[in-house]
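Working notes for the structure below.
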Amino acid sequence: MALTAACGSGDRTDAAPVANGKAQAGSGSSAGYGSGGGNGYGADSGADKGQAGDGYGSSGDSNRPAAQGTRAGTLALRQSPELGPVVTDSKGMALYRFDKDTAKPPNSACSGSCATTWPPVPADDATAASGMAASALGSVTRADGTEQLTIGGWPAYRYAKDTAPGDTKGHGVGGTWNAFAPDGKKATAGPAADVSVFDQPKLGKLLVDKEGRTVYRFNKDSAWPMKFACNGACLDTWKPVGPADKSKLADVPEKLISTVTRPDGTKQLAVDCWPVYTFSGDKQPGDINGQGKMGTWFAVSPEGKKITSPATG
């Protein structure tokens with residue numbers, strides 16, 4: 001087995017809750033990961049790159065009500081192999097932002113025929129995904145008097161040519177439209193990393209696998225000497241993360257990443273010498289339902305330490 005030289009543990013102690021309310025940004029201007037069974041291990045029981053034109057951002061008749069889409073409901077994060085985690089509505093349809101809009105103050109420049117191709121997302125009934133800060137959501141009053149959802153201050157839209165959950169055909173259209181990242185910024189194109197860093201609103205920066213799932217370490221395992229305490233029924237709930245290609249890491253020091261051999265001969269990713277797992281109760285990127293389970297399972301910081309308390313900042 002391959003182990004890093006500096007093995008050992010240490011805990012991070014951060015603190016500060018995320019606001020629960022829905023902040024107003026101003027006006028006027030999943031893939032399922034499975035569910036755990038109740039086995040005592042902490043399980044819960046039970047792109048169309050079109051060119052600018054066709055009204056993409058044209059003013060049109062600003063007093064005519066826009067073609068409002070259905071309510072967004074509880075937003076979700078979907079891991080895109082090309083873009084990383086992107087924001088979707090409750091039905092899995094991607095949400096977009098427009099470069100000709102503004103966020104400070106929020107203002108929509110998409111009306112008329114533009115709003116037919118890019119229907120504004122209604123602000124009512126929208127709530128943040130677990131991997132988003134609730135304060136990132138707000139609303140803006142459009143010129144026609146309707147309320148549009150904002151994310152990080154940017155008005156949110158759907159794309160008429162997206163027809164199925166997971167579609168991101170609107171990303172890059174006209175060079176001005178981009179899918180939303182969880183923080184309201186543009187989703188970033190690039191190859192998916194085997195291990196990367198996600199800024200989770202409650203726990204702060206933590207490590208995720210190539211599917212965007214939070215990775216956890218188990219207090220009953222041991223880094224040195226190597227010991228695997230999660231076996232048998234435990235593995236029904238906590239899935240060992242596969243080895244990582246060190247050339248496919250994002251903001252993660254190579255020295256922290258190694259591969260270990262489990263008792264059954266399979267290979268598992270280790271971070272700072274600790275074997276790491278995903279939790280079957282996590283449904284989408286940013287979920288941390290496994291955090292603190294049984295007082296023994298904890299998310300992992302970018303420094304390779306277990307996270308035991310909320311983030312500060």
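The values are calculated or read from the model by the stated rules, or taken from the named source; none is laboratory data. Just so it is clear, the model here is predicted, and its values are computed rather than measured. Positions of Cβ are backbone-derived with ideal geometry, glycine not excepted, and every protein chain shown enters the neighbour counts. Please note that ligands, DNA and RNA were not included when accessible areas were found on the heavy atoms of the full protein model with its side chains. Shrake-Rupley method; radii C 1.70, N 1.55, O 1.52, S 1.80 Å.
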Checklist entry - If we keep just the residues of the range 206-251 that are among the aliphatic types (A, V, I, L, M) and under 15 Å from ALA299 (Cα atoms), which is surrounded by the most Cβ atoms within 10 Å (Cβ to Cβ)? => result LEU207
Item to check | Counted residues, the range 187-205 - those being part of a strand (DSSP E or B) and crowded, with 18+ Cβ neighbours inside 10 Å | outcome: 5
Checklist entry - Looking at the range 211-230, is at least one residue acidic (Asp, Glu), closer than 18 Å to ASP272 by Cβ and in contact with a Gly (Cβ under 9 Å, 6 or more places away or on another chain)? => result no
Checklist outcome for this item: Here the residues within the range 143-178 that are in a strand (DSSP E or B) and either open to solvent by 30 Å² or more (accessible area, probe 1.4 Å) or hydroxyl-bearing (Ser, Thr, Tyr) (or both) are GLU147, THR150, TRP154, TYR157
Checklist entry - Among ALA181, ALA94, ALA123, which is the only one that is open to solvent by less than 10 Å² (accessible area, probe 1.4 Å) and under 24 Å from ARG213 (Cβ atoms)? => result ALA94
Next on the checklist: Could you check the range 259-277 and list, in sequence order, the residues that are of a type in the set (Ser, Thr, Tyr) and either surrounded by fewer than 22 Cβ atoms within 10 Å (Cβ to Cβ) or outside any strand (DSSP E or B) (or both)?
Outcome noted: THR259, THR261, THR266
Checklist entry - Considering only the range 287-313, how many residues are modelled with pLDDT of 95 or more and over 21 Å from ASP221 (Cβ atoms)? => result 1
